[in-house]
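What follows is one structure encoded as structure tokens, with my remarks underneath.
The values are calculated or read from the model by the stated rules, or taken from the named source; none is laboratory data. The structure presented is a predicted model; accordingly, all values stated were derived computationally and were not measured. Positions of Cβ are backbone-derived with ideal geometry, glycine not excepted, and every protein chain shown enters the neighbour counts.
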Amino acid sequence: MTNDRKVELNLFQRFASETSYVVGSKWAFLVAILIVVGWATTGPLFRYSDTWQLVINTATTVVTFLMVFVIQNTQNRDARAIHLKLDEIIRAIDVARNDMIDIERLSDHELEELSRKFEHIRQESENRRRRQRSGLSE
């Protein structure tokens, strides 16, 4: 990968992260409310025309379309970072099973099997706790 390409990707990642942060703030929500209220109050001025309605519909559609890509980029990066952190924790703990690293790459069927195994382990643990509590209370 060329340095120019790396710079472009880095710029987009910074843009996506910053945009996601800003758009997720209370101030962005307040601005959105003000825009909608401003648009609604101009309704009588424009006689609630089709063009008046088209303005808000088009604006919200375009913004939503673009934000999907920005937010998805941010979520992909966050998910990847979390997976790498969890992989490191699994690797660092001696009793942890290293085969749990990268399980997000398993098929849905394999994940379901793994989920059932952990549900079984959770149920056994709960049963042990109940037996211990009932043994202590006798």
Flagged in segment 43-62 as exposed (fewer than 12 other Cβ atoms within 10 Å of the Cβ) and either assigned to a helix (DSSP H, G or I) or polar (S, T, N, Q) (or both), in numbering order, are 49, 50, 51, 54, 57, 58, 61, 62
For segment 125-137, pairs from a residue that is modelled with pLDDT of 90 or more and of a type in the set (Ser, Thr, Tyr) to a residue that is part of a helix (DSSP H, G or I) and surrounded by 10 or more Cβ atoms within 10 Å (Cβ to Cβ), with Cβ under 9 Å and 6 or more apart or across chains, are none
